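> Below you'll find the structure I mean.
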Amino acid sequence: MSSLLRTIANRVAPVLRGHTVIQRANLYAGPAKEKIGTVETIIGLSFFSMAILGPSGWILAHLEDYKNKE
């Protein structure tokens, strides 16, 4: 019974939604066009690590201040 409902829902849903635009990602499977240097890699990784670890480090450094708020 559930497969029947699923089949009906799959056929009726596009009609009820109307005309939708199907978006597809542009994916390329191949080597990079330009070589990324060591300095650029280090700078990029450091920014990502600071973006992730910076806020959590701030919270851990000020944990006592958060506990003492009244």
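> How many residues are modelled with pLDDT of 90 or more and within 19 Å of the chain's Cα centre (by Cα) if we restrict to segment 11-45?
2
> Within segment 40-70, how many residues are open to solvent by 100 Å² or more (accessible area, probe 1.4 Å) and of a type in the set (A, V, I, L, M)?
Of all residues in segment 40-70, those open to solvent by 100 Å² or more (accessible area, probe 1.4 Å) come to 40, 42, 45, 47-48, 50, 52-53, 58, 60, 64, 66-70.
Checking which are of a type in the set (A, V, I, L, M) leaves us with 42, 45, 50, 52-53, 60.
Number of matching residues: 6.
The values are calculated or read from the model by the stated rules, or taken from the named source; none is laboratory data. Please read all numbers here as calculations on a predicted model, not as lab measurements. Each accessible area value is taken on the protein alone, full model and side chains, heavy atoms only, with ligands, DNA and RNA left out. Shrake-Rupley method; radii C 1.70, N 1.55, O 1.52, S 1.80 Å.
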